[in-house]
Amino acid sequence: MPDVPPDLCGLDADAYHAQLLSLLPPGPAHEAPPGSVRAAFWMFAAHGAARLHARLCALLAEARPCATDEMLTEWETDYGLPDDCDPLGLSRSVQERKLLLCAKATQPGGQSISFFQDVAAALGYDVTIAERRAFTCGLSECGDDTECGDETLRFWWTVTVQGPRVTWFECGLSECGETLATITAAEDLECRLSALKPAHTELIFAYEGV
């Protein structure tokens, strides 16, 4: 088993104090026994170093768009948010803005059903996707999932949305003054899937549990 690296962002003033005392030159002139003025002086310096350390660790977290807090607006600018699929933009709650930013930042490429379901899940929606096929004499059978129509049916697919997105107030993510729950229709989902779909296909959206 490889060694687990230490949590360097968990260092506190006591850790810095011990480190500072260990770096003092040897000899009675530099001794700092517990409770002495010299020990208190180095504890004062340790508190300053610990505050700086904590601040650097907080800024390090801002390097990831999915973990950002202070730099949310800057990350949104980098990823082109708000965009045409996010008409509410900055009027959304902070939690919703983080959700949309993380969804856009982590979105992979693809054209499979699972890809589009993952895009919907990242936006907070549960969907099922069905491709459509025309009944073909000699190939299709009674009771299968084909439909009456010509071959252009294969260019249409249906996205069934299982209810709206509900964003609950969450400690550590939401802010004072925000509602306990936000219910969002799937206009943003329709927009994003329409932008990502293969150009030769058309989408049909259906809603259940709304």
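FYI, it's all coordinate maths here, none of it is from the lab. All of these numbers come straight from a predicted model, not from anything done at the bench. In this analysis, Cβ positions are derived from the backbone assuming ideal geometry, glycine residues included, and neighbour counts consider all displayed protein chains.
Overview of results
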item: Under 5 Å, built H, 5+ apart or other chain: amide partners of D126; result: Q162
item: Region 8-61: Cα Rg divided by the 2.2 N^0.38 Å rule of thumb; result: 1.26
item: Sites L203 and A49 - FRET efficiency at Förster radius 35 Å, r taken between beta-carbons, to 0.05; result: 0.05
item: Net length gained if the chain between D118 and A195 were fully extended (0.36 nm per residue, minus Cα distance); result: 26.2 nm
item: Order of C66, C85 under a 10 Å beta carbon neighbour criterion, fewest first; result: C66, C85
item: Highest-first arrangement of 8-14, 74-80, where packing means the average Cβ count within 10 Å; result: 74-80, 8-14
